[in-house]
Amino acid sequence: MLTFFTTAKPFLGHDGVIQRNALKNWTLLRPDVEVILFGDDAGAAEAARGLGIRHEPQVERNERGSKRLDYLFGRAQAIGRHNLLCYINCDIILMQDFCKALARVNAAHSEFLMVGRRWDTEVNELYDFEGKDWETRLQTTVLRHAKQRTPEWIDYFAFTRGLYADVPPLVIGRVFWDNWLLWKARNSGKPVVDASDVVIAVHQNHDYRYHPQGKQGVFHGEESGRNYELAGGWRHLRTIADADEVLREGGLKPNRLRHWAAAKRYVRQAFRVLLHDIVEPAWFFLLEITRPLRRIFGVDAGTLRRLRGKVFPRLGTQR
């Protein structure tokens with residue numbers, strides 16, 4: 001039915017716990033599910049062997065050692081047993097609602113991409129999947145205590161083989177690669193389905209210590225900037241809000257709000273252009289020509305920066 005593929009961080013501490021939870025969980029979803037773990041990270045071979053899943057230690061990396069998306073998607077589509085594949089981050093727990101949703105989308109479309117918003121949940125120990133009520137227990141916890149993320153956070157990509165033939169050398173573990181995957185499917189003319197309403201995808205919360213600069217490095221570091229360039233800039237980035245269709249209990253429906261998502265994206269970009277191409281150059285010019293006068297009145301640049309921050313608050317990135 002389905003081939004899951006993923007890559008992981010070293011299986012140490014809390015990361016090791018949540019990654020083992022995710023891998024074991026996927027093996028339990030259907031008897032014919034295939035799981036492929038890419039990478040030679042510490043503990044990966046042992047985890048794969050213990051769970052009886054396929055381990056592919058070889059993975060191509062960039063000059064900084066980060067894993068390349070093009071290799072993972074190319075290799076998985078070449079070796080996966082099933083026509084349906086799912087790249088999924090190695091901290092996501094799924095339930096039967098995912099399998100049911102995928103079956104419904106597959107029945108409606110011969111080629112497609114299915115994505116969905118995640119639910120951020122605190123999980124600090126190995127989860128007990130043995131009891132028959134494990135899904136009920138997990139759903140109760142999620143709906144009571146978890147938070148569903150916005151459409152910018154994309155953690156699983158269920159798609160038909162061949163959808164991703166030309167993938168740039170983006171790297172995993174930074175930003176923008178997931179937004180490019182959404183754009184690529186839409187640009188290829190294949191249906192993109194948002195299953196957020198019917199799938200509870202449980203994201204096990206974690207920190208960002210795997211990057212030397214922590215969260216700041218992951219979201220705003222040099223490799224993220226390089227991903228942005230390789231993706232082709234903002235015109236080649238999409239979110240779940242751009243899906244063509246939404247899957248609801250009553251079936252597949254056109255996503256009538258996707259045009260609104262596009263409009264907001266263009267407005268955000270217009271403000272970025274205004275800020276970076278017009279306001280900031282004018283600001284630095286103003287600082288330069290007023291320096292003598294500011295010295296006389298004791299007004300330093302820090303005071304003016306605080307004033308500017310109130311008038312033109314910093315525009316955030318996609319996340």
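Since every read-out is calculated from the coordinates, none of them should be taken as a lab result. Owing to the predicted nature of the structure, the values given are computational and were not obtained by experimental measurement. Every residue, glycine as well, gets a Cβ built from its backbone with ideal geometry; the counts of neighbours run over all protein chains shown.
With the cut-off at 18 Å, tell me which of the pairs Lys67/Lys147; Lys147/Lys190; Lys9/Lys67 have Cα atoms farther apart than that. Long pairs (Cα-Cα over 18 Å): Lys67/Lys147; Lys147/Lys190. Here the spin labels are modelled as points 7 Å beyond Cα on the Cα-Cβ line, and at Asp133 and Gln58 they lie 4.8 nm apart. Computed over segment 1-148, the convex hull of the alpha-carbon atoms projects to a mean area of 9.5 nm².
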